[in-house]
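Okay, structure first, notes after.
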Amino acid sequence: QVQLVESGGGLVQAGGSLRLSCAASGTIFSLDAMGWYRQAPGKQRELVAAITSGGSTHYADSVKGRFTISRDNAKNTVYLQMNSLKPEDTGVYYCNAVRGASYTWGQGTQVNVSS
């Protein structure tokens, strides 16, 4: 089973940018999809962006035009470039990998956006 480690979170002012990375312990080429979720305090975890093995992407309406998900199969890493950050983007961001009916989660990385 692949293991995921997120990095790149931190504190940024509104309007700023961050790039999150999700490094997988094994090859991501065979995974069906990978995604980024976030969970704000007191709220449910929600899908932010996903990318399939074929390269198709999906974004939550709230981040369209601001966030970009990408994958580097050679580095077994998925990225989330976050631009024009807003205070409502604050939360713990989790990387997720899907293979069939199996879901794997990373430990999460905290993103704080100040107004």
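A few points about this structure:
- Answer from A33, A49, A14 - the residue that is among the hydrophobic types (A, V, I, L, M, F, W, C) and at pLDDT below 95: A33
- Index of the failed condition, S114 passing every other in (1) open to solvent by less than 50 Å² (accessible area, probe 1.4 Å); (2) closer than 18 Å to E6 by Cβ: (2)
- Output for segment 62-115, where each listed residue is assigned to a strand (DSSP E or B), hydrophobic (A, V, I, L, M, F, W, C) and more than 14 Å from the chain's Cα centre (by Cα): V113
- Looking across segment 73-90, just one residue is under 12 Å from T27 (Cβ atoms) and either touching a helix residue (DSSP H, G or I) at 6+ places or on another chain (Cβ under 8 Å) or free of Cβ contacts under 8 Å to residues at least 12 places away in the same chain (or both), and that is A74.
- Among the residues making up segment 8-41, those that are in contact with a helix residue (DSSP H, G or I) (Cβ under 8 Å, 6 or more places away or on another chain) and of a type in the set (V, I, T) are T27, I28.
The values are calculated or read from the model by the stated rules, or taken from the named source; none is laboratory data. In this text, all values refer to a predicted model and were calculated from it rather than measured experimentally. Please note: Cβ atoms are built from the backbone with ideal geometry, for glycine as well, and neighbour counts cover all protein chains shown. These accessible areas exclude ligands, DNA and RNA; they are computed on the full protein's heavy atoms, side chains included. Shrake-Rupley method; radii C 1.70, N 1.55, O 1.52, S 1.80 Å.
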